[in-house]
Every structure is written in structure tokens, then in C-alpha cells.
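Structure record follows, encoded as C-alpha cells.
The values are calculated or read from the model by the stated rules, or taken from the named source; none is laboratory data. In this text the structure is predicted, and so the values were computed from the model without any measurement. With ideal geometry, Cβ positions are generated from the backbone for all residues, glycine too; neighbour counts draw on all protein chains shown. Ligands, DNA and RNA are stripped out before the accessible areas are found, and what is left, the full protein with its side chains, is counted by its heavy atoms. Shrake-Rupley method; radii C 1.70, N 1.55, O 1.52, S 1.80 Å.
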Amino acid sequence: MTEHAPDRTPGRPAARTVAGQEGTPAPEERTRTDRVAESATPTRSPEDRLEGEPDAAELEDRWLRAVADLDNLRKRYARELGREREAERELVASAFLPVLDTIDRALQHAESDPRSIIEGIRTLREQALAVLAGLGYSREDEIGVPFDPARHEVVGVVEPDEGGTAPGSVAQVVRPGYGGPSRQLRPASVTVAQSPGD
């Protein structure tokens, strides 16, 4: 049996061999490059790395479940929104029931006393204003207050009167507004006092 001499590269010392393993450098003689190459080598096979990770079928199943959950959430939200709208309509309608009751009483007493119609209309107006105020839309029909573009809509300009309406103030309310600066149902239509030179 022929014995092979160890491979000798010029400029590099011959590698000592570990007993029984020809050509394998002893642990103390491994170069830094060999150690870096070994550390960069994956310790697990590709099959081992994929173990425990979801496959395509499982990912598709998860996606279909997420789509179904989103669809159910959308349907539930639409049902809840419809219920909320119905509850708001019921609230407003029930708030106006006393107004209808007043109209009925006024009509019942109209033949016996025509003045009851006027009184009924006054009561009806007060009730309607109270309902709107309760919903957050109080009546705005003040004169002499400074003009506010968020609350007023100018329909005319007049000269300041002798009563003391200052320029830039509301001189007359043509149509009342309802609401406030943050929630405006309808702005008040007003005329504004303005000096001729302005």
C-alpha cells in the first residue's frame, strides 16, 4: 500500500494531521479563514428551516378567514348604524309629540273660543322652540349684536338708525337662525347697519 505524502504548498507550513484523519489540519492549525467559513455555513438544512413555518395552504386559509371576518364586521357595522339612525329618528319624533298634542287641543277648542287658537299657537311655538333647543339648536334672532359670519347671513345693508344700532351690528332679523357657532342648523338672515362712507 502506497503512502501519500502530505500536500505541501510553498510558503505555507505543512499541516499536521490528526491521528486517523489524513489531510485534516489539527484544531490549533485551522486558519482564521477556515473558522469564518465554518461559521457562515448554515447549521440547519433548508428543510429544517421551513419546519414549523406555515405553508401556502395555511396562509391561504388565514387570508380567507381574515376576509370573512372583515365582511362580517362590515355587515355588523351597517346593522348597528341602521339601529342608531332609527333610534335618533325615534328620539326626534317623540320630542315633537307634545307639539302635536297642543295642536289637537287648540283645534278642539277653536269653535267654542276663537281666542284659544291664538293661545294654542303661542304654546305650540314655545314647545317647538323647546324641542329644537333640546336637540342643540336654539333660536337666534337677536338684533343689535355684532355681525358674525358663522351665525348670520347678510341679506341687506342699512344705515345705522337713531336707536343706536352700531355700524357692523345686526339691524333686523329677516329669518331667525337655529344652532350655535359649533353646530349651525341654519344661519339667521339679517340686515346689517353700515355707515354710508363704509
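Scanning the stretch 80-90 for residues that are open to solvent by 90 Å² or more (accessible area, probe 1.4 Å) and not acidic (Asp, Glu), which turns out farthest from the chain's Cα centre (by Cα)?
Initially, the stretch 80-90 is screened for residues open to solvent by 90 Å² or more (accessible area, probe 1.4 Å), giving 83-86, 88-90.
Now narrow it down to the ones that are not acidic (Asp, Glu): 83, 85, 89.
Details: 83: 19, 85: 18, 89: 23 Å.
Within the stretch 80-90, the match that is farthest from the chain's Cα centre (by Cα) is 89.
Can residue 180 be described as modelled with pLDDT under 85, small (Gly, Ala, Ser) and under 43 Å from the mean Cα position of the chain (by Cα)?
Yes: the conditions hold for residue 180.
Consider residue 130 carefully, then state whether it is touching a Pro at 6+ places or on another chain (Cβ under 7 Å) and of a type in the set (A, V, I, L, M).
Answer is no for this residue.
Which of the residues that make up the stretch 162-189 are within 24 Å of residue 131 (Cα to Cα) and open to solvent by less than 50 Å² (accessible area, probe 1.4 Å)?
Listed by number, the residues that qualify are 173, 176, 177, 178, 179, 180, 187, 188, 189.
Out of curiosity, is residue 77 open to solvent by 80 Å² or more (accessible area, probe 1.4 Å) and aromatic (Phe, Trp, Tyr)?
Spelling it out, residue 77 is indeed open to solvent by 80 Å² or more (accessible area, probe 1.4 Å) and aromatic (Phe, Trp, Tyr).
Please specify each residue of the stretch 39-74 satisfying the condition of being modelled with pLDDT under 70 and loosely packed, with under 10 Cβ neighbours inside 10 Å. Don't jump to the end; show me each part of the working.
Our first condition is that a residue be modelled with pLDDT under 70; within the stretch 39-74, this holds for 39-52.
Within the stretch 39-74, 39, 40, 41, 42, 43, 44, 45, 46, 47, 51, 52 meet the criteria.
Of all residues being under 24 Å from residue 94 (Cα atoms), modelled with pLDDT of 85 or more and among the basic types (Lys, Arg) in the stretch 105-161, which is most open to solvent (accessible area, probe 1.4 Å)? Just the residue, please.
122
Cβ-Cβ under 6 Å, sequence separation 6+ or interchain: first residue in the stretch 142-165 and on the phi < 0 side of the Ramachandran plot, partner among the hydrophobic types (A, V, I, L, M, F, W, C) and loosely packed, with under 15 Cβ neighbours inside 10 Å. Which pairs?
From residues that are on the phi < 0 side of the Ramachandran plot, the pairs are 155/174.
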